[in-house]
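Below: the structure, in structure tokens.
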Amino acid sequence: MADVSVTFGAKDINLAKTIDGLQRDLGRLGAQSKTVGAQINSSFSAISKAGVKFAAGFATVMGAIRAAQSALQQFDAALAMGGRLDDLSQRTGEAAGNLLLLERAFNNAGAGADKVGPAINKLQQFMVNANNGAEAQTGILDRLGVSMEALIGKTPIEQMQIFASRIATIEDPAERAAAAMAIFGKSGGELLPVLRNFDSEITKARGQLGSLPQIMNDSAQSFAAVEEQMVIINGKFTEFTAGILQKALPALQGRPSPCSAG
């Protein structure tokens, strides 16, 4: 029995040592696991942060590009307006800002801005015929109580105001429409909502447009010249944007950038 106890005791001591050694190994393994885990977490954290930084940086760049594009679109719109009004001014002899006022007044009244140019040209043709003594045109002037002397030297918008004030006094709707069409052509009937309230429509349009008519008076011709250059500028901007996207695409697709491959 004693031998058994001694043998067991010896084995027990060896077992205890083995367990102690195993625990130490497990402890070291656990510490190493924690270290590796921390390193992995750190790596993923770094990757995540890098991704966030890249995404934020890319978003910032794209946001700046979009903002620049939006600004360019606004520039384009202003320049296009100046170019269009300058062309119309050359065709009608009316100042660009006044044409803009007429366009807004026509739009507000439901006649359409595109009717401004034709209406002015028809009015000018009417006056040429009346000045040459054409019976139909001089007859309209007599019925409206308008003399050529009152019209000569006036701008188209001023001439239109004179005719509008007379047409508005005609009580019979059919006669009113006939007078409008005799002066402004077939679309004269569509212009009646403007002609019957011409002064108030122009005042409303001026309030809506603020300083823009004066800006167009001063700069429409310059805007028209710059508009041609914007075609080149927009092409360069597209080239610039494409270059940025080319640099960003490898990262977005999970590939190494061509710039960093070497």
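Dividing the alpha-carbon radius of gyration of region 166-232 by 2.2 N^0.38 Å (N being the number of residues), what value is obtained?
Working it through for region 166-232, the quotient is 1.64.
Normalised by the number of residues in region 121-211, what is the relative contact order in percent for Cα pairs under 8 Å and 6+ residues apart?
Relative contact order of region 121-211: 27 percent.
What does the net charge come to around A95 if you take all other residues with beta carbon closer than 12 Å to its beta carbon, with K and R at +1 and D and E at -1?
Here the count lands on -4.
Got a sec? Which residues in region 97-116 would a label at D218 touch, if it sits 7 Å along Cα→Cβ and we count backbone N under 16 Å?
The answer is 97-98.
What nm value, rounded to one decimal, do you get for the distance between A136 and E158 when each label is placed 7 Å out toward the C-beta?
2.8 nm
Can you give me the C-alpha center-to-center distance between region 116-157 and region 90-113, rounded to a whole angstrom?
19 Å
Bear in mind that the values in this text are calculations on the coordinates, not laboratory data. Bear in mind that the values here come from a model prediction, so they are computed numbers and not experimental data. Backbone-built Cβ (ideal geometry, glycine too); neighbour counts: all protein chains shown.
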